[in-house]
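Colleague: Sharing a structure, written as structure tokens. Questions coming.
The values are calculated or read from the model by the stated rules, or taken from the named source; none is laboratory data. Everything quoted here is computed from the prediction, not taken from an experiment. All Cβ positions, even for glycine, are placed from backbone atoms using ideal geometry, and neighbour counts span all protein chains on display.
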Amino acid sequence: MSSTIPQVVIVGRPNVGKSSLFNWLSQRRIAIEDPTAGVTRDRLVQRLDLEGRVVDLVDTGGMGFDDPDGLTEQIDMQIEAGLVTAGTVVFVVDIRAGLLPADAEVAGRLRQAGAQVLLVANKADDEKFDVLAHEFDSLGFGEPLITSTKQNRHRTELVEAILQRLPAANDASAEASLPEMKVAIVGRRNVGKSTFVNALAKEDRVIASPVAGTTRDSIDVRFEVDGHTFLAIDTPGLRRAKSRKSDIDFYSTHRAERSIRRADVVLMLFDASEPVGKVDKQLIESIVEQQKPVLLVVNKWDLYAGDVERSEWAQYLRDTFRSMPWAPVVFVTARTGRNVKAAIDTAQRLFRQSQARVPTAALNTIIHAATQANKPPADRRGRPVRIYFATQIATAPPTIMLSTSCPKSLTAPYKRYLLAALRKEAPFTEVPIKLVIRSHSGNT
């Protein structure tokens, strides 16, 4: 699994630009970049190709930061876990701020860990700052490599230096460790998303805390079930728009929405002891808009079981989210791991359905039977709309194109009727289906 992939772990005190460096190397805006100290708490991991070498790039929380939410110990545990598995450590300092006691403290921790260290003096946005780099020689890791993520200075040199320090390549193919299915774990604050991800990973991979808003980034976590590798995306808990008080809240919301787009299947978590709220409905709207397979996961069931039947809770969700009556519902207790594997097994089923293809002949048999049982509406001239043929043109979501005599006359209720027929007869019973209606002449 991921043990064959070397880890490059970025460390340093707060506000030295670790997250900027992480995004710069990844060539994607993954980590939240914000001047507020302590924004990054969990280990952010991005698998990427550095000049033909596959690595896991890891961003960590700032060392020595006293978290105001009381999460300092958990943040330190995440940093230490990253150091244990590191093939190379990129130790970032701020060239403009100069050498600070906190930098020396970080250096001491790295020496104790016995890590292979590459010292990087960041924020050298102008060459005039380069002469200040020698101040960091006293840290004992050699001459620092000077960079500026803002001005794109020396990225190539940084990549080369990282590659030189990596352990010898393993013969095991990196392809074997690529995830087969990406699962986004979404929900409002404090529904237990991080606890659920830790249950999947079978380790404290992300910080789980009763403090609302502990997770701020979308965290990629690889895990294995029955010999198959998957990717769980733990997302920030969302709050109502009027309650968003900072840029961090805004970026967290953006990351969660982007994670839904990235995912093959979305697991929407609910707290069994709380009613469905406005944020839940907003998330479901985003999932429906993106036409993603979704599994409705009722968490903390151990606290509520006995007070209400599962069938009642499931019906409550179906009554609330009438646009997706096909979405399955599972009940879990993430804290103990109860039914977590069953949830992933169901997600796999949804993934397979979203990837399924139906032969054109079989599709036309289904559509013909549906139109015979319930005739299409009439066009503007009073003649029934003719559906000439159906064919599947895409997967994820399964996309069915219908060639008709008058696309505009095929009403929304009749389209829903055809979708229901497809869902009943085709292997798309629990996932969204997209209909593309075209005229026989080729116009949509």
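Colleague: Inside the range 97-142, can you point out the residues that are acidic (Asp, Glu) and either in a helix (DSSP H, G or I) or outside the structural domain of residue 60 (by TED's automatic domain parsing) (or both)? Let's see the steps before the verdict.
Modeller: Initial filter on the range 97-142 (acidic (Asp, Glu)): 103, 105, 125-127, 130, 135, 137.
The answer is 103, 105, 127, 130, 135, 137.
Colleague: While we're looking at this one, here's another question. In the range 389-408, which residues are small (Gly, Ala, Ser) and crowded, with 20+ Cβ neighbours inside 10 Å?
Modeller: Of everything in the range 389-408, just one residue is small (Gly, Ala, Ser) and crowded, with 20+ Cβ neighbours inside 10 Å, namely 390.
Colleague: Within the range 409-418, can one find any residue that is modelled with pLDDT of 95 or more, closer than 19 Å to residue 362 by Cα and surrounded by 17 or more Cβ atoms within 10 Å (Cβ to Cβ)?
Modeller: yes
Colleague: Restricting attention to the range 176-206, report how many residues are under 16 Å from the mean Cα position of the chain (by Cα) and either modelled with pLDDT under 65 or assigned to a strand (DSSP E or B) (or both).
Modeller: Qualifying residue count, the range 176-206: 10.
Colleague: Of a type in the set (Asp, Glu), over 27 Å from residue 354 (Cα atoms) and either at pLDDT below 90 or surrounded by fewer than 17 Cβ atoms within 10 Å (Cβ to Cβ) (or both) - does that describe any residue in the range 226-241? Talk me through it step by step, then tell me what you get.
Modeller: Keep residues of the range 226-241 that are of a type in the set (Asp, Glu), which gives 226, 234.
Then keep just the ones that are over 27 Å from residue 354 (Cα atoms); that gives none.
No: zero hits.
Colleague: Anything in the range 1-45 that is at pLDDT 80 or above and within 18 Å of the chain's Cα centre (by Cα)? List them, or say none.
Modeller: 19, 22, 23, 26
Colleague: Let me ask another. For residue 276, state whether it is touching a Ser or Thr at 6+ places or on another chain (Cβ under 7 Å) and either aromatic (Phe, Trp, Tyr) or surrounded by 15 or more Cβ atoms within 10 Å (Cβ to Cβ) (or both). Outline the logic, then answer.
Modeller: Numbers: touching a Ser or Thr at 6+ places or on another chain (Cβ under 7 Å): yes; either aromatic (Phe, Trp, Tyr) or surrounded by 15 or more Cβ atoms within 10 Å (Cβ to Cβ) (or both): yes.
In short, yes.
Colleague: Any residue in the range 414-438 that's in contact (Cβ under 8 Å) with a residue 60 or more places away in the chain: show its pairings with residues that are of a type in the set (Val, Ile, Thr) and not in a loop (DSSP other than H, G, I, E, B) at Cβ separation under 8 Å, as long as the two are six or more apart or on different chains.
Modeller: Within 8 Å, the pairs are 426/366; 432/288; 434/399; 434/400.
Colleague: Look at the range 351-388 and say how many of its residues are part of a strand (DSSP E or B), surrounded by fewer than 18 Cβ atoms within 10 Å (Cβ to Cβ) and not aromatic (Phe, Trp, Tyr).
Modeller: Count: 2.
Colleague: Could you grab me the full set of residues in the range 116-158 that are surrounded by 15 or more Cβ atoms within 10 Å (Cβ to Cβ) and in contact (Cβ under 8 Å) with a residue 60 or more places away in the chain?
Modeller: 120, 122, 123, 147, 149, 155, 158 - these are the residues of the range 116-158 that are surrounded by 15 or more Cβ atoms within 10 Å (Cβ to Cβ) and in contact (Cβ under 8 Å) with a residue 60 or more places away in the chain.
Colleague: Here's another thing I want to ask about it. Say we look at the range 288-341 and pick out the residues that are in contact (Cβ under 8 Å) with a residue 24 or more places away in the chain and hydroxyl-bearing (Ser, Thr, Tyr); which of these is surrounded by the most Cβ atoms within 10 Å (Cβ to Cβ)?
Modeller: For the range 288-341, the residue satisfying everything is 333.
Colleague: Additional query: Kindly provide the set of residues from the range 108-145 that are in contact with a Phe, Trp or Tyr (Cβ under 8 Å, 6 or more places away or on another chain) and of a type in the set (Val, Ile, Thr), ordered by number.
Modeller: Of everything in the range 108-145, those that are in contact with a Phe, Trp or Tyr (Cβ under 8 Å, 6 or more places away or on another chain) and of a type in the set (Val, Ile, Thr) turn out to be 117, 120.
Colleague: Among the residues of the range 86-106, is any farther than 13 Å from residue 14 by Cα, at pLDDT below 75 and of a type outside the set (Phe, Trp, Tyr)?
Modeller: Checked the range 86-106: at least one residue is farther than 13 Å from residue 14 by Cα, at pLDDT below 75 and of a type outside the set (Phe, Trp, Tyr).
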